[in-house]
Each structure stands twice: as C-alpha cells, then as structure tokens.
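Let me begin by presenting the structure, written as structure tokens, before commenting on it.
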Amino acid sequence: MSTYETILARRTIRKFKQTKISNSLLEKLVNAARVSPSAGNLQPLEYVVVRDKEFTEDIFQHVKWAAYIAPRGIPKEGEKPMAYIVVVENHKAGSASSPYDLGAAIMALLLTAWDEGLGGCWIKTCDKPALKKLLKIPETHEVDSVIALGYRAEEPVMEENDTNIKYYIDDKGIFRVPKKRAQTLTHWEQF
C-alpha cells in the first residue's frame, strides 16, 4: 500500500482484538514518531509504552472515549486496547511549536500502526495528573496524548459529507466517519 493509500484507508479504531502486540512492533511505532519533523529539531517529545495488562486497565480508567458515540463507542471487555503509547512533552526541550511536533509524530505513529495491521485511537481527553502520577512522569514533563493500540476488530467507513461532521454508529453497528469533500475544501489560485 502506498503512503497515500494508507492515509486514505486509516481510520480511528476503538475496538481491538485481544492479541498481544510485540515489543519490536511497539518500538517501531515509537521510532516512526521520534524521526518525525520537529521545529528547530528540539525533539521535545518522549514516549511511555504501556503493555502490561494491569497498567493498560489503569490507563483505560483515565481516558475518555468518543463523545459523539458514547457509550457505544467505548470499548467493552474483550475489545479494549492491548497497549498504549503515552506521548509526553519535555518542557526543558519544548518550544512554541510543540503542537506541530505532536501532530507530525502522532500521525507518523498511527500510519505506521495501520501499515502493520494495527489500529489506533488518538486520545487527548484524559486525566493527565492521574496518568502523570501512575506512570511516574517527572515534573519537567507533561502528558499530552494517549494513543490506544491493538489489532483492528472493526472496519470504520469514511463517507463524504459536507454538512455533518459527527461520526456515528449506524443501525448495523458500522462506525461511520464523515469527511468533507476535497472539492469543498480546495480553492485554486484564490479563495
């Protein structure tokens, strides 16, 4: 699959097979994130990989899932993530460009995960102080995002829709993700 095809195919996954993810694959995801563009090459991001069953359950308790489709969008027992990568910003190395670094790094991680048969969910809404304490993150660092990971147990469908942005689960249980059409968002030469 080309990079472009991966970008078009990748969707957020919230239901996961209960198959362990190898340490080498988790390392590969972090590696993809770490070599992403970084403003001024400051590289303020660090990663906490959580794969222990007890820890993954603790992380699950501190994240919020899919507001538009709650509670149906919350993974149930037998669907929960098998690992998390918690993205942490080192304030000693950070800059005003950190949000851009975060976007680039997390997208690289998610695209690599998809290419490897995994799915992921980028979660920003979480109890950051609780995660910081749980993971023993130092005061110089802050939790930014949690990436839930696992082998995909659902196949979300993208649909073009210029008027409704809310993702939803249809009557057949299929997760549907509206995206505005390229023609709606593209302006040639002038706006």
- Query: Does Glu57 count as assigned by TED's automatic domain parsing to the domain that holds Ile106 and part of a helix (DSSP H, G or I)?
  - Reply: yes
- Can you tell me which residue in the stretch 56-78 is surrounded by the fewest Cβ atoms within 10 Å (Cβ to Cβ), limited to those that are modelled with pLDDT under 95 and of a type in the set (Phe, Trp, Tyr)? Tyr68
- Residue ID - farthest from Ile137 (Cα to Cα), chosen from residues in the stretch 85-111 that are in contact (Cβ under 8 Å) with a residue 60 or more places away in the chain and touching a strand residue (DSSP E or B) at 6+ places or on another chain (Cβ under 8 Å): Leu110
- Matching residues in the stretch 125-153 - criterion: being of a type in the set (Asp, Glu) and over 24 Å from Arg14 (Cβ atoms): Glu139, Glu142
- Query: Out of (1) at pLDDT 90 or above; (2) surrounded by 19 or more Cβ atoms within 10 Å (Cβ to Cβ), the odd one out for Lys28 is which?
  - Reply: (2)
- Message: Being within 11 Å of the chain's Cα centre (by Cα) and either of a type outside the set (Asp, Glu) or at pLDDT 95 or above (or both): is that true of Ala148 here?
- Response: yes
- Task: Given the conditions (1) farther than 21 Å from Lys17 by Cβ; (2) hydroxyl-bearing (Ser, Thr, Tyr); (3) buried (at least 18 other Cβ atoms within 10 Å of the Cβ), report the number of the one that Thr163 does not fulfil.
- Result: (3)
- Which number in (1) over 17 Å from Arg10 (Cα atoms); (2) crowded, with 17+ Cβ neighbours inside 10 Å marks the one condition that Gly173 misses? (2)
- Message: Going through Lys166, Lys179, Lys124, Lys133 one at a time, which residue ends up being charged (D, E, K, R) and over 19 Å from the mean Cα position of the chain (by Cα)?
- Response: Lys133
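The values are calculated or read from the model by the stated rules, or taken from the named source; none is laboratory data. What you see is a predicted model, and the numbers here were worked out from it, not measured in a lab. Note that we place each Cβ from the backbone using ideal geometry, even for glycine, and neighbour counts take in every protein chain shown.
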